[in-house]
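Contents: one structure, followed by commentary.
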Amino acid sequence: MHPLITPEALADALSARSATVVLDVRWRLGGPPGRQDYEVSHVPGAVYLDLDTELSAPPGAGGRHPLPEPERLQEVLRAAGVREGAQVVAYDAADGSVAARVWWLLRWAGFGEVAVLDGGFAAWEAAGLPVTAEVPAPLTGDAAGDVVVRPGQMPVLDADEAAALAQDGVLLDARAAARYRGETEPVDPKAGHIPGALNAPTTGHVGADGRWLGPEALAARFAGLGVSGDVAIGAYCGSGVTASSVVLALEVAGITSAGGPAALYAGSWSNWCALDREVATGG
């Protein structure tokens with residue numbers, strides 16, 4: 001399954017009553033909760049999943065959004081109706097970076113048929129497609145999904161591996177340039193970046209219309225950063241969420257990390273700070 005799907009293609013799939021599960025994962029750093037937007041209006045049949053409590057483990061030394069325990073993730077996905085052989089489409093309200101975390105998480109869990117709605121909920125509305133405030137009931141018993149979570153199917157970095165990759169390969173920092181340079185840090189206790197990392201803000205993956213850039217444009221962007229498929233590549237951000245969009249963008253661009261997907265430093269900057277690792281500043 002291609003990692004991106006257009007609103008029109010999703011509407012066609014839903015109209016055909018295909019085995020498609022839609023996940024609304026709207027979320028804002030600092031709130032208010034995305035569930036409030038979901039309860040007002042969402043794609044018909046979409047199930048809301050909360051990034052903080054359902055798609056991540058509790059915050060701590062591992063970072064602000066550690067990977068969830070496999071058993072918990074399986075429980076959440078089954079309650080949302082995710083079944084083996086189905087396709088899953090995730091959307092958010094912004095640049096697709098939160099939905100990309102779901103795309104990455106399901107791939108990590110061994111579920112391949114997952115995509116991000118190109119342009120998110122805004123693109124769905126702009127296309128004049130139907131919305132609803134009706135909230136589907138959680139699925140239980142035989143009505144629930146049967147997906148089996150098989151963790152470890154996407155490469156993950158810890159702090160030591162991220163540090164080494166920044167020196168020996170390419171480590172991309174998905175945060176805004178000002179945070180990367182250490183000029184500001186609104187969330188974590190230290191400002192700056194992992195020494196040797198390159199800045200690749202997630203906002204550069206999408207155009208002015210909020211849609212993802214095409215393969216050629218993304219490939220050109222990464223080439224401008226010195227990224228090629230003959231080196232090991234990894235990505236991080238503040239807490240391992242928006243960096244997932246870097247992994248997705250690399251896949252759309254057709255760029256692999258020494259033959260496979262780029263690795264995600266799941267703990268990201270929040271874990272790096274918790275470990276009191278060395279910090280670099282400037283461009």
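The values are calculated or read from the model by the stated rules, or taken from the named source; none is laboratory data. Values in this document were obtained by computation on a predicted structure and should not be read as measured data. Glycine gets a Cβ as well: all are built from the backbone with ideal geometry, and neighbour counts include every protein chain shown. Side chains are part of the model used for accessible areas, which takes the heavy atoms of the whole protein and leaves out ligands, DNA and RNA. Shrake-Rupley method; radii C 1.70, N 1.55, O 1.52, S 1.80 Å.
What the table shows:
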quantity	calculated
Residues within the stretch 88-116 that are outside any loop (DSSP other than H, G, I, E, B), among the hydrophobic types (A, V, I, L, M, F, W, C), under 13 Å from the mean Cα position of the chain (by Cα) and closer than 21 Å to residue 240 by Cβ, tallied	13
Residue among 85, 128 that is outside any helix (DSSP H, G or I), closer than 20 Å to residue 45 by Cβ and at pLDDT below 95	85
Count of residues meeting criterion [surrounded by 15 or more Cβ atoms within 10 Å (Cβ to Cβ) and modelled with pLDDT under 95] in the stretch 137-149	3
Residues that are out of contact with any Phe, Trp or Tyr (no Cβ under 9 Å at 6 or more places or on another chain), in a loop (DSSP other than H, G, I, E, B) and farther than 30 Å from residue 63 by Cα, drawn from the stretch 134-157	134, 136, 137, 139, 140, 144
The stretch 253-270: number of residues that are touching a Phe, Trp or Tyr at 6+ places or on another chain (Cβ under 7 Å) and either β-branched (Val, Ile, Thr) or farther than 18 Å from residue 164 by Cα (or both)	2
Pairs where the first residue, in the stretch 92-103, is open to solvent by less than 10 Å² (accessible area, probe 1.4 Å) and the second is charged (D, E, K, R) and at pLDDT 95 or above, C-beta under 7 Å, 6+ apart	92/26; 99/92
Qualifying residues in the stretch 169-199 (those that are among the basic types (Lys, Arg) and in a loop (DSSP other than H, G, I, E, B)) - the one most open to solvent (accessible area, probe 1.4 Å)	190
Residue within the stretch 203-226 that is closer than 25 Å to residue 73 by Cβ and either over 18 Å from the mean Cα position of the chain (by Cα) or part of a loop (DSSP other than H, G, I, E, B) (or both) present	no
Matching entry among 171, 165, 250, 157 (being without any contact (Cβ under 8 Å) to a residue 60 or more places away in the chain and of a type in the set (A, V, I, L, M))	250
The listed residue being open to solvent by less than 70 Å² (accessible area, probe 1.4 Å) and among the small types (Gly, Ala, Ser), out of 63, 85	63
